[in-house]
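Accompanying notes for the structure given below.
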Amino acid sequence: MKRFCLTFATAALLMGQSLTAFADINGNGYYRVRNYGTQRWANLVDDKGSIDVNANSADLHSLQLLKDTETILSDPGSVVYISNLSGSEYNVATQGTSVQSLLGYPVYLRTNGSANGQSLYMIYGKYQGYTKYIADGEAVTSKEQGRATINVSDMNSNLVKWQILPIETTGDNFFGPKPSLTVDGKMYAPLFASFAYSIYTPGTKAYYIGRTGYGMAEMIEITGAVPAGTPVIFECVGNNASDNRVKLEYEETAIPNNSLRGVYFDYSSSSRTNRTAYNPKTMRILGKCSDGSLGFITANIEYIPSNTSYLVVPEGSAPELKCVSTSEYEANLPQISEQIYAIGSMNGWNFSDGSYNLLPQDQNTYAGSFEIPAPSSDDKNVYFRIYTNLENNDRFSLGAWGSGNVNVNVSETTPYVGNFAPGSLNSWVLPNWNGGVVTMSFNLQTLAMKFSFDLSSGDDPSGGDDPSGGDDPSGGDDPSGGDDPSGGDDTGVETIASASGLQFSNGVVISEGKSPITVMNLAGQTVAQGSGGNLDINYLPKGIYIIISDGKTLKIAK
């Protein structure tokens, strides 16, 4: 087999990283590699590639060569870690990979002159008697970008010679992030690097994200060294790389429970693509929230940029999560106990009346179904918000998501899915409401909410003048007998609306998910509860009830 498979560790490491391995090396450490002839820096942008020594061809697109030093100083892909394996054999690592781990082969080099007191090196790989050297294939030195090649005709050309330069905190060869975002006068960079580092420039800081939810992201400062491969938010003090220098480290303590993730590569060419697609349902990007604060927002991008951190969130999470301190996070957690409440024009904004109460379905989800009559006033709209406490205090409000006065109209013709915000005073509006049953579900962790509607009932959801008799929906004058749909003398029941996994048979509610069961009347009051998968409600009086379990809702006539 005469083909070297290089994932940047073969092409770039042979070309750029291994380069650094041999440049006036003072033991294992961090280096950068620069071509002596063109003064372009080696930078790894992908971890794929190959060299076919038999065909004298190579795919070295992974190794980018750039002249602009300012760009390189803030690019993690230019920082390589060189370690000696044995004698003249070295391993080169960067961007989460290495030559040795990918190929199983070391990198070699030999000196070829010197310049300004520094050795010049030739970088090469060997396989079954074949030797291939890496060079800058773009001979026009004025061009910003070069390309790597193995087709070297002149072995004395400066294009095949490389400088390997140690990275330090002082001097001209250092690493420092550059900010991409300014919020409230502070500058930030979402950063993901394969090397460890600590704060060097006073005033700079590195943060990770701990807990998320309730419209917040807990931002925690890292006080020691940032471990290799840790996605962070880096707070800068200046716009230039030199303003935000870090000290490269070799030992660090892992950061537990970091909700951030990172991407090394965002690369696309005619031969391959190495990118991470952005999913707005489960990913948030560092940005400016609608209220002007720092946070993680839903972005309008296709791919995550290279060496960038991003936040992973559950599907259905709020569009924005504001970055807050640990104390702010805990102080702004919803103060709830057994239930939350729908308060609005349907009950005259009466905080002393908790009849529209939503009960817990699991640790974070609350739900309820309510018969909301048509308004009797000239204004035919129904307005409401959810409150976590019946005190008339706006800090307990869970309102429609958005900044400013942006009440959200909810169409009753289809189920509605959206988000809410703690402390928001924006209301949901049922425009021109003619009456019906509204089922609500709120997840206090993801800030996701759902509404669904049953408008078939008009003023009486049972379809008659009196759900307990008269035009009984069970088909007879008395649901306990006569034309009882269940047959015999058993309690007659009729399922008005079905829900997969939730059944009602012979007076017993059955939840296939084995979740707690709540039975409510049409006023939203809880009339029965059960902790297991079955609940017998034969003892309840005749009428129409709403059953809620495992996030599902079932409407029955008994």
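The values are calculated or read from the model by the stated rules, or taken from the named source; none is laboratory data. All values reported here derive from a predicted model rather than from experimental measurement. As a convention, Cβ positions derive from the backbone with ideal geometry for all residues, glycine included, and neighbour counts pool all protein chains shown. When the accessible area is computed, the model is the full protein with side chains, heavy atoms only, and any ligands, DNA or RNA have been set aside. Shrake-Rupley method; radii C 1.70, N 1.55, O 1.52, S 1.80 Å.
For this structure, a couple of remarks:
- Rounded to the nearest 10 square angstrom, residue 353 shows an accessible area of 60 square angstrom against a 1.4 Å probe.
- Compactness of the range 235-316, taken as the C-alpha radius of gyration over 2.2 N^0.38 Å, stands at 1.32.
- Full-extension gain in nm, residue 413 to residue 239, via 0.36 nm per residue minus C-alpha separation: 57.5 nm
- Computed accessible area, residue 236, all protein chains, 1.4 angstrom probe, square angstrom: 10
- Largest to smallest principal axis extent of the C-alpha atoms in the range 382-427, angstrom: 33, 21, 17
- Whole-number D in µm²/s for the range 57-179 (Stokes-Einstein; Kirkwood sum over Cα pairs; 10 °C, 1.306 mPa s): 99
- Taking all protein chains together, 282, 111 sort by accessible area into 111, 282, largest first [probe 1.4 Å].
- Whole-number Å³ per residue for the convex hull built on Cα positions in the range 298-415: 179
- Extension gain (nm, one decimal) between residue 425 and residue 223, 0.36 nm per residue minus Cα-Cα: 68.9 nm
- Distance between the 7 Å Cα→Cβ label points at residue 363 and residue 432: 4.5 nm.
- Rolling a 1.4 Å probe over the heavy atoms of the protein chains gives the range 117-255 an accessible area of 43 Å² per residue.
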